[in-house]
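Colleague: Can you keep this structure in mind? I'll have questions shortly.
The values are calculated or read from the model by the stated rules, or taken from the named source; none is laboratory data. None of these values were measured; they are calculated from a predicted model. When we count neighbours, we look across all protein chains shown, and the Cβ atoms used for this are built from the backbone with ideal geometry, even at glycine.
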Amino acid sequence: MSERLDGTVALVTGASSGIGEATARELARHGAAMALVARRGDRLERLAADITGAGGTALPLPLDITDQAQAADAVKRTVAELGRLDTVVNNAGIMLPGPILDAPTEEWDRMVALNLQGLLYVTHAALPHLLTAADGGPRQVADLVNISSVAGRHATMGAGIYNLTKFGVNAFTESLRQEVTARHVRVSVVEPGSVETELRSHIREEIRNIVMRRIADIEPMQSEDIADAVAYIVTRPRRVAINELLMRPTEQVG
């Protein structure tokens, strides 16, 4: 049976759409007060209104976590305005696949900045508060969930830098897990396969056409499927830690 998250505070990055938005809604339904982080403030305001309209608590924080000062400010404002921090979901990310040869390296910079550095900046700022929550919070446990990808488990041609960032997320997650798990901060990684989100819309058209042909016969997962998995992870009893969760559409082979 799932435990409630009443009296706790959760921060979700990339909350303006897709997996982040669905996760924020799901954790709010479980009773958590929500800090909503993304760059698109108008979307965060609408999401916050939906959550508060349903009886929850939501704090929209429009900012860019690839800037370390802004990432730290997101955590600082969450604790100052909502009182604590018990759960962090590092969901913000971008997928820009394509050949390494002759690649536009600004795409590499964008993936490294958001998929890795943004995640690191938020984690660095949040960890002291998560340790405090685990030591004296209502559930006596805290959670950090990093959204990675099946691309973090095996490398494929045409996705080298995206693979690099997601392999990095997986390695960082496991190292940090070993560092803090004895203090009841659970560190988890979720590795989705194909999900129907805005992620694909950011890909260059010629590359997007190739990607879409590869997955044309697969019914993709929905953002709510991943949100449900995140909620499962963070609502386990204190004695249970879900370290890694790999999810693929039923028809996806690789």
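Colleague: Mind checking which helices (runs of 4 or more DSSP H) fall wholly inside segment 105-211 and carry at least 2 residues that are at pLDDT 95 or above, aliphatic (A, V, I, L, M) and closer than 21 Å to Val240 by Cβ?
Modeller: The helices (runs of 4 or more DSSP H) meeting that bar are 119-136, 160-180.
Colleague: Further question: Considering only residues of segment 89-104 that are aliphatic (A, V, I, L, M) and in a loop (DSSP other than H, G, I, E, B), which is surrounded by the fewest Cβ atoms within 10 Å (Cβ to Cβ)?
Modeller: The residue in question is Leu101.
Colleague: Hey, another quick one. Among the residues of segment 241-248, are any surrounded by 21 or more Cβ atoms within 10 Å (Cβ to Cβ), closer than 20 Å to Thr13 by Cβ and either at pLDDT below 95 or touching a Ser or Thr at 6+ places or on another chain (Cβ under 6 Å) (or both)?
Modeller: Scanning segment 241-248, I find no residue that is surrounded by 21 or more Cβ atoms within 10 Å (Cβ to Cβ), closer than 20 Å to Thr13 by Cβ and either at pLDDT below 95 or touching a Ser or Thr at 6+ places or on another chain (Cβ under 6 Å) (or both), so the answer is no.
Colleague: Here is a follow-up. Could you list all residues from segment 112-125 that are under 15 Å from Ala159 (Cα atoms) and crowded, with 20+ Cβ neighbours inside 10 Å?
Modeller: Applying the first criterion (under 15 Å from Ala159 (Cα atoms)) to segment 112-125 yields 112, 115.
Correct list: Asn115 only.
Colleague: Could I ask something else about it? Give me the pairs, please: first residue somewhere in segment 62-88 and assigned to a helix (DSSP H, G or I), second residue anywhere and modelled with pLDDT of 95 or more and of a type in the set (Phe, Trp, Tyr), beta-carbon distance under 8 Å, and either six or more positions apart or on two chains.
Modeller: Taking only residues 6 or more apart or on different chains, the pairs are Gln68/Tyr121; Ala71/Tyr121; Ala72/Tyr121.
Colleague: Here's another thing I want to ask about it. Phe167 fails exactly one of the following numbered conditions: (1) under 19 Å from the mean Cα position of the chain (by Cα); (2) free of Cβ contacts under 8 Å to residues at least 40 places away in the same chain; (3) more than 25 Å from Asp67 (Cβ to Cβ). What is the number of that condition?
Modeller: (3)
Colleague: Looking only at residues in segment 135-158 that are over 20 Å from the mean Cα position of the chain (by Cα) and of a type in the set (Gly, Ala, Ser), which one is surrounded by the most Cβ atoms within 10 Å (Cβ to Cβ)?
Modeller: Top of the filtered list is Gly137.
Colleague: To continue, here is another question. Residue by residue through segment 27-61, note down the ones that are assigned to a helix (DSSP H, G or I), free of Cβ contacts under 8 Å to residues at least 60 places away in the same chain and of a type in the set (A, V, I, L, M, F, W, C).
Modeller: Ala28, Leu44, Leu47, Ala48, Ala49, Ile51
Colleague: Return the only residue of Gly98, Gly18, Gly14, Gly93 being within 30 Å of Arg208 (Cα to Cα) and at pLDDT below 95.
Modeller: Gly98
Colleague: Take Val240 and decide whether it is among the hydrophobic types (A, V, I, L, M, F, W, C), more than 19 Å from Ser17 (Cβ to Cβ) and part of a loop (DSSP other than H, G, I, E, B).
Modeller: yes
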